[in-house]
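The values are calculated or read from the model by the stated rules, or taken from the named source; none is laboratory data. Computed from a prediction, not measured in an experiment: that's the story for all the values here. Cβ placement follows ideal geometry from the backbone for every residue including glycine, while neighbour counts extend to all protein chains displayed.
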Amino acid sequence: MLVFKERGLRTIPKTKVDGKCDDHFALQFTVEKDLVIITMMMPLGIIHETTAPYTPQQNGMAERKNRALKEMVNSMLSYSGLSSKWIFKRKIKVDGTIDKFKDRLVIQGFRQKERIDYFDTYAPVARITTIRLLLALAAIHNPVIHQMDVKTTFLNGHLEEEVYMKQPEGFVMSGNEHKVCKLVKSLYGLKQAPKQLHQNFDEVVLSSGFLLNQSDKCLYSKFDSSDKGVIICLYVDDMLIFGTDQNQVDNTKKFLSSSSNIQDLWLLVYAKSSTRLDMPYAVGRIANLLRAYSDASWINHVEDSSSTSGWMFLLGGGAISWASKKQTCITDSTMESEFVALVAVGKEAEWPKEIWDNEI
């Protein structure tokens, strides 16, 4: 059995940084015949010594603890494994000084083979009009809104396929250079990483009693009998949390933090204690608050005799959806082109109605 520990770390506390103890780890290698298993040890309470700072590679490996447990397997398989690359960046503060060094291990997903190490790659994102609609409702009903960011986003998804990766540069196990890594969780660069991220988030949230909006698969809501609750709107690794009060938002953030490493970006609106987001009341008044306008320009494209449709939806005085598109059919009059534009508006109006019918 071999034990590998990062250089620059001490197992005995010596110098504290900002008075906090970082979550460092150790790698333990267990050799069993031709299989070598890497185990990432739990935080050891090791304190970073200021005279021996982390290298960017070590920071990256620390970020991946509990996310990238890997088994080492023979590269004598028919599929020898994907290569990876370290990406280094410097995060700059507002004053121009360096905040911290960042690194990311990116796998060469463009070399993946369909039906071998990936299948489905689709991943839904919230429609931008959904976000505008929620913000318009927030302007009317003044709820509590927080924006959250999921750190190391694509490292949270569990892989369903078998994906093998060559040992990353700087972390090649001596004496076992011919081995490759079997990934248990996704990495940046994998084609299925966005899908696995959304699938993981979806399972966690729905298991906690949230309801999925059938019109927008990135919209979740949870309300009790007294109409107190929250709405979560997910857009890749960012989310907006709308709550009837601060308590509901705090409980939701605590729940999400238990399953993912999230970061609070900013507080958008803080509701007064006398106000709350009453969704049934809001939905009941939507019909009186939503306004739609449409127009058409008849044969403004001389080259193909086509017309243009335009529309705009306003909610609470603010635009939430608009478009200007060429009509796909040839019309014989101004009135006919207006009717074509009206049909397009009617189709667009079905979407907010479905959102409301699904009780956002």
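Here are the numbers for the structure shown:
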{"item": "Members of region 229-248 that are farther than 18 Å from LEU133 by Cβ and at pLDDT 90 or above", "result": "ASP245, GLN246, ASN247, GLN248"}
{"item": "Filter pass, THR252 being free of Cβ contacts under 8 Å to residues at least 60 places away in the same chain, touching a strand residue (DSSP E or B) at 6+ places or on another chain (Cβ under 9 Å), surrounded by 20 or more Cβ atoms within 10 Å (Cβ to Cβ) and not assigned by TED's automatic domain parsing to the domain that holds GLY109", "result": "yes"}
{"item": "Check on ILE98, modelled with pLDDT under 90 and out of contact with any Ser or Thr (no Cβ under 6 Å at 6 or more places or on another chain)", "result": "no"}
{"item": "Residues (in a loop (DSSP other than H, G, I, E, B), without any contact (Cβ under 8 Å) to a residue 24 or more places away in the chain and more than 22 Å from ILE355 (Cβ to Cβ)) located in region 175-230", "result": "GLY175, GLU177, SER207, SER225, SER226"}
{"item": "Residues that are buried (at least 16 other Cβ atoms within 10 Å of the Cβ) and touching a residue at least 60 places away in the same chain (Cβ under 8 Å), drawn from region 287-306", "result": "LEU290"}
{"item": "Among (1) modelled with pLDDT under 80; (2) closer than 24 Å to ASP245 by Cα, the one test that LEU256 misses", "result": "(1)"}
{"item": "Given (1) in contact with a strand residue (DSSP E or B) (Cβ under 7 Å, 6 or more places away or on another chain); (2) at pLDDT 90 or above; (3) within 19 Å of LEU82 (Cβ to Cβ), index of the condition PHE154 fails", "result": "(2)"}
{"item": "Pick from region 298-339, criterion out of contact with any Asp or Glu (no Cβ under 9 Å at 6 or more places or on another chain) and among the charged types (D, E, K, R), ranking: modelled with the lowest pLDDT", "result": "GLU303"}
{"item": "Residues that are more than 30 Å from LEU315 (Cα to Cα) and among the acidic types (Asp, Glu), drawn from region 91-150", "result": "ASP95, ASP99, ASP103, GLU114, ASP117, ASP120"}
{"item": "From the options MET148, MET165, residue that is over 30 Å from SER321 (Cβ atoms) and either touching a strand residue (DSSP E or B) at 6+ places or on another chain (Cβ under 9 Å) or modelled with pLDDT of 90 or more (or both)", "result": "MET165"}
{"item": "Unmet criterion (only one of (1) crowded, with 18+ Cβ neighbours inside 10 Å; (2) out of contact with any helix residue (DSSP H, G or I) (no Cβ under 9 Å at 6 or more places or on another chain); (3) under 18 Å from SER221 (Cβ atoms)) for ILE145", "result": "(2)"}
{"item": "Enumeration of residues in region 177-211 that are surrounded by 16 or more Cβ atoms within 10 Å (Cβ to Cβ), farther than 21 Å from ASP120 by Cβ and not assigned by TED's automatic domain parsing to the domain that holds LEU256", "result": "LYS179, VAL180, CYS181"}
{"item": "Long-range neighbours under 7 Å by Cβ, at least six apart or interchain, first residue more than 15 Å from LEU159 (Cβ to Cβ) within region 96-118, second in a loop (DSSP other than H, G, I, E, B) and small (Gly, Ala, Ser)", "result": "VAL106/GLY189; GLN108/SER83; GLN108/GLY189"}
{"item": "Candidates LEU234, LEU133, LEU219, LEU137, filtered to the one that is within 29 Å of ARG115 (Cα to Cα), buried (at least 21 other Cβ atoms within 10 Å of the Cβ) and not assigned by TED's automatic domain parsing to the domain that holds LEU290", "result": "LEU234"}
